[in-house]
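Nothing in this text is a laboratory measurement; each read-out follows from the coordinates by a stated rule. In this text, all values refer to a predicted model and were calculated from it rather than measured experimentally. Here the Cβ positions follow ideal geometry from the backbone for every residue, glycine too, while neighbour counts run over all protein chains shown.
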Amino acid sequence: MFTPKWKNEARHLVKGARKFVHYKRDLLTPERVDEIESRRTDLLAAIQSGDRAQVDEASKQVRAVCENSLPVEKPLGWLEENVEVMFVAIVIALGLRAYYLQPFRIPTGSMQPTLNGIIGKPLPEAQWPSFPQRVLEQILRGRSYVRVVNDKDRHIAITPQGRPDIRDTQWLHFFSRAEIHFTDSPPLQLPAPANPCYETGLRSAILIANRNEGLLPKGTVLCEGTIDSGDLVLVDKVSYHFRNPQRGEVFVFDTQGIRGIDERSGEQAKGSHYIKRLCGVPGDTLTIQSPNLLIDGKIAKEPGIQRVIRGEGTYAINPHGYGLADPREASHGNKTLVQYLAKPTDSLTLTAKTRTGMREYAALGDNTGNSLDSRYWGTVKEFNLVGPALFSLWPVTTGHWGFIH
C-alpha cells in the first residue's frame with residue numbers, strides 16, 4: 001500500500017503488454033512480438049532501478065510499440081461508406097417486407113372510393129399544364145402525363161378467344177404495365193395496365209386496327225392523357241398469426257389455386273395479389289338482396305360494408321349498394337363460367353370445419369359495379385391470406401392517406 005502510484009501504474013502496464021501479446025498474437029508479426037517483449041524487459045529493469053524518469057521513458061516506449069504493432073485499416077471513402085449504408089438499408093427493408101410489412105400497389109378501381117386504383121383519363125397534349133406543375137402533381141398525387149404513338153406499322157396478335165393480345169404485366173414486380181403483342185414485331189409496353197390505357201386512347205386505336213384487318217398504322221395514338229397512380233398501401237403480414245381475420249376489414253390475398261380467377265385471367269393471375277373487403281368469414285352464408293349484403297339472412301352491420309350498402313357521399317359510385325354478378329361475365333371466350341352470387345336466390349356458404357389452411361373467406365370490392373370478386377369466382381382459402389391492409393402511404397393528396405378502414 002506504500003508503493004508509489006507511478007510504480008504501480010508501470011507494473012500494470014507490464015501486465016497489460018503481456019495480455020496484449022496473448023490476445024493479438026494471431027495478428028502480430030514475430031518481429032513485433034519480439035520488440036514488445038524487449039520493451040517490457042526494459043520497463044521491468046527501470047522499475048527495479050527505482051528511477052522514475054527511466055520508468056516514464058520506458059512506459060512511453062511500451063505504449064508506442066503496442067499502438068503501432070497492428071495494421072492500420074484504411075478509412076472508408078465516401079462512396080464505400082454510402083454503399084455500405086444503402087446495403088444495410090436494403091437488407092432491413094427486405095426483412096421488413098418478408099416478415100412484417102409489405103407495400104402493395106392498388107392496380108384496379110375495384111375498391112373505390114375507399115382506395116384508388118390506377119385511373120386513366122384522356123387529355124390532349126395541347127391542354128397539359130406547365131412542366132413544373134406536372135412534376136408537382138407527380139410528387140403529390142402520382143399523376144403522370146403520357147403520350148404514346150405507334151412508330152411503325154404493326155399487326156396486332158389475336159388470342160384464341162378472338163381478342164387483341166393485350167396483357168397486363170408487372171415491371172420489377174412492382175409497377176403495373178400492359179403489353180400489346182404483335183405478329184410481326186416484339187411486344188410494345190404501355191405506361192399503365194390495359195384498363196386505364198383503354199380510357200386514354202387504346203380503345204380507339206384497337207378500333208382502327210379492326211377496320212384495317214389487324215393493322216395498327218404508323219402514327220396511331222395509343223395513349224394520350226393522364227394516368228393517376230393507384231394507392232400505395234402497407235399490408236400487415238403479422239396480425240393473422242395472432243388473431244382471426246375480421247369481417248369488414250380490407251385485406252390482401254394471393255390468387256394461387258383460385259380456379260375462377262385462373263379461368264378469367266390465366267397467366268396474368270399467377271403470382272398476383274388482390275385487395276378486397278373481407279365480407280365473409282368461415283361459417284357465414286352470404287346472399288345479396290340489392291342493395292343489401294346478408295350474412296346468415298341478416299343485413300351485415302360492419303361499418304365498411306354499411307358504407308357500400310347506403311351508397312352515400314363518395315360511395316354513391318354504387319347507388320344500388322351491393323349488386324349481383326353481371327351475367328355477361330359468365331361467358332369467357334367459348335367457355336361458360338360458374339357464378340356464385342348471380343341471382344337473389346343464390347347463396348355462398350363458407351367452410352369452417354376443415355383441415356388447417358382450407359377454411360374459407362369471401363372477398364367483395366367496394367366498387368361492386370366494377371369488381372370481379374367472390375360473386376364470380378367463389379371463396380378465398382385461408383392459406384391465400386396475406387394480411388389486413390394497414391396504411392395508405394401515397395399519394396398524399398387524394399384523401400386516402402392514413403390508416404385504412
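Per-residue ellipticity at 222 nm, computed for the chain from helices alone with -39500 (n - 2.57) per DSSP H run of at least four residues, works out to -9500 deg cm²/dmol.
Each residue of the stretch 8-21 is assigned a 3J(HN,Hα), and the resulting list reads 4, 4, 5, 5, 4, 5, 4, 5, x, 5, 5, 4, 4, 5 Hz, derived from the Karplus form 6.51 cos²θ - 1.76 cosθ + 1.60 (θ = phi - 60°), x at Gly and Pro.
Partner lysines whose Cα lies under 17 Å from the Cα of Lys5, excluding those fewer than 8 positions away in the same chain, are identified as Lys15, Lys60.
In this Cβ point-charge picture (+1 for Lys and Arg, -1 for Asp and Glu), the stretch 232-403 has a dipole of about 260 debye about its Cα centre.
The amide H of Val386, built 1.01 Å from its N in the peptide plane, has Val252, Phe253, Asp254 as neighbours under 5 Å, considering only residues 5 or more places off or on other chains. Each of Ser374, Ala316, Gly304 was scored by the projection of its Cα onto the charge dipole of the stretch 289-385, and the greatest displacement toward the positive side belongs to Ser374; charges sit on the C-beta of Lys, Arg, Asp and Glu. Using C-alpha pairs under 8 Å with a sequence gap of at least 6, the mean separation divided by the residue count of the chain gives a relative contact order of 16 percent.
Each residue, Ala316 and Ser144, gets one label point 7 Å from its Cα in the Cβ direction; the gap between the two is 3.3 nm.
Computing FRET efficiency as 1/(1 + (r/R0)^6) for His405 and Ser272, where r is the C-beta to C-beta distance and R0 is 25 Å, gives about 0.55.
May I ask which of Lys276/Lys353; Lys298/Lys335; Lys298/Lys381; Lys276/Lys343; Lys301/Lys353; Lys301/Lys343 have a Cα-Cα span longer than 31 Å here? Intermediate results must be reported in sequence, preceding the final value.
Working: Lys276/Lys353 24 Å; Lys298/Lys335 35 Å; Lys298/Lys381 24 Å; Lys276/Lys343 21 Å; Lys301/Lys353 25 Å; Lys301/Lys343 22 Å.
Table pairs above 31 Å Cα-Cα are Lys298/Lys335.
Antiparallel beta bridges, as assigned by DSSP with both residues in the stretch 232-403, represent about 100 percent of the total such bridges.
Can you tell me the length gained on complete extension of the stretch His22 to Ser38, counting 0.36 nm per residue apart and subtracting the Cα distance?
4.2 nm
Here the Karplus curve 6.51 cos²θ - 1.76 cosθ + 1.60, taken at θ = phi - 60°, turns the phi angles of the stretch 383-390 into couplings of 5, 7, 5, 9, x, x, 6, 9 Hz, with x standing for Gly and Pro. Once backbone amide H atoms are built at 1.01 Å from N, Thr169 has Arg177, Ala178, Glu179 as its partners under 5 Å, excluding neighbours fewer than 5 places away on the same chain.
Multiplying the residue separation of Glu57 and Phe391 by 0.36 nm and removing their Cα-Cα distance gives an extension gain of 113.6 nm. Computed with the Debye formula from one identical point scatterer per Cα of the chain, without solvent, the log10 of I(q)/I(0) at q = 0.09, 0.13 Å⁻¹ comes to -0.66, -1.19.
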